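Peer 1: My questions all concern the structure below.
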Amino acid sequence: MILAHFMTEVHEANMFVVACPVTRKALLVDAATVDPRLAPFLERHHLELDGVFITHDHYDHIGGLASIVKQYACPVYAGKGSLSGTPARVVGQGDTLTVGEAMGRVIALPGHTPTSIGLVLPGMVFTGDALFAGSIGGTTSDHEKNCEVEHIRKNIFTLPDDTGIHTGHGPSSTVYIEKNFNPFFV
């Protein structure tokens, strides 16, 4: 898989491009802004943006969505059907998405928002703001925090230890590191 990381100026939110090296089909994970590096990256690597996956509906993850969808005419996949007026195909726990020849699996990660989702692809998982390196996403109640922790344990910590964790903000990590050293789980 081809993987590119773009840290944006919108609260230092991360955007990722993941692409199939065979078909050159690409998926954008989160859309904080219309990053000026995105189009040149896609062109340089001869990639076709085939979809946008939104981990949750906060403005620092969807601020550029409408413009990106207009520019690339690609579908949006999210945990809810409308993101600030941009329609999305609703996906949830167990649904599958393809990125070229790679099969991805959607996981539910409620807590930070009720409709937070993640995407598992071979060797990696995109967690949005549910799980960070050394932390978890903010919640407004103990119930939401417990729900978030439970879903992280069930849907992420059951992945192989060397699975890369790509988060909505901050550095990437691995399942092994977060399972064994994240203070919310040890």
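The values are calculated or read from the model by the stated rules, or taken from the named source; none is laboratory data. The structure presented is a predicted model; accordingly, all values stated were derived computationally and were not measured. Positions of Cβ are backbone-derived with ideal geometry, glycine not excepted, and every protein chain shown enters the neighbour counts. Accessible surface is based on the protein model in full, side chains and every heavy atom, while ligands, DNA and RNA are left aside. Shrake-Rupley method; radii C 1.70, N 1.55, O 1.52, S 1.80 Å.
Peer 1: Suppose all protein chains stay in the model; what accessible area per residue would a 1.4 Å probe give for the stretch 1-70, in Å²? Provide the component values of the computation, followed by the final result.
Peer 2: Details: 3080 Å² over 70 residues.
Dividing the accessible area of the stretch 1-70 by its residue count gives 44 Å².
Peer 1: In terms of modelled amide H atoms, which long-range or inter-chain residues lie less than 5 Å from the amide H of residue 95?
Peer 2: Here 106 satisfy the definition.
Peer 1: With Cα extents along the principal axes in Å defined as stated, name the option among (i) 58, 34, 29; (ii) 44, 34, 30; (iii) 128, 27, 25 computed from the structure displayed.
Peer 2: (ii)
Peer 1: Among 112, 54, 175, flag the residue with its Cα farthest along the positive direction of the charge dipole of the chain, charges on Cβ as +1 for Lys/Arg and -1 for Asp/Glu.
Peer 2: Selected residue: 54.
Peer 1: List every residue whose amide H lies under 5 Å from the amide H of residue 13, counting only residues 5 or more places away in sequence or on a different chain, with H placed 1.01 Å from N in the peptide plane.
Peer 2: Residues meeting the criterion, in which the H sits 1.01 Å from N, are 8.
Peer 1: Roughly how many Å is it from the Cα centre of the stretch 154-180 to that of the stretch 1-56, as a whole number?
Peer 2: Answer, in whole Å: 20.
Peer 1: Moving to a separate point now. When the chain is fully extended, how far beyond the present Cα-Cα distance does residue 105 get from residue 150, taking 0.36 nm per residue of separation? Kindly include the intermediate steps, with their values, before the conclusion.
Peer 2: Numbers: separation 45, 0.36 × 45 = 16.20 nm, distance 1.82 nm.
Gain on stretching residue 105 to residue 150: 14.4 nm.
Peer 1: Counting only other residues whose beta carbon sits under 9 Å from that of residue 19, what net charge do I get with K and R as +1, D and E as -1? Intermediate values should be presented prior to the final figure.
Peer 2: Working: positive: 24, 25; negative: 48, 50.
Charge balance in the 9 Å sphere: 0.
Peer 1: Given a 1.4 Å probe, how much area per residue of the stretch 86-135 is accessible, in Å²? Display every interim value, and only then the final one.
Peer 2: Values: 1790 Å² over 50 residues.
Value for the stretch 86-135: 36 Å² per residue.
Peer 1: Let me ask something additional. For the chain, set up a Gaussian network in which alpha carbons nearer than 10 Å are linked by springs, and say which option among 168, 51, 85 fluctuates the most.
Peer 2: 85
Peer 1: What distance in nm separates the two pseudo spin-label positions at residue 141 and residue 22, each 7 Å out from Cα along the beta-carbon direction?
Peer 2: 4.7 nm
Peer 1: For the chain, what % of the accessible area comes from carbon and sulfur atoms, probe 1.4 Å? Provide the component values of the computation, followed by the final result.
Peer 2: Working: 4560 of 8300 Å².
Whole-percent figure for carbon plus sulfur exposure: 55.
Peer 1: May I ask for the angle, rounded to the nearest 10°, between helix 142-155 and the longest principal axis of the chain, with both axes built from Cα atoms and the value confined to 0 to 90°?
Peer 2: 70 degrees
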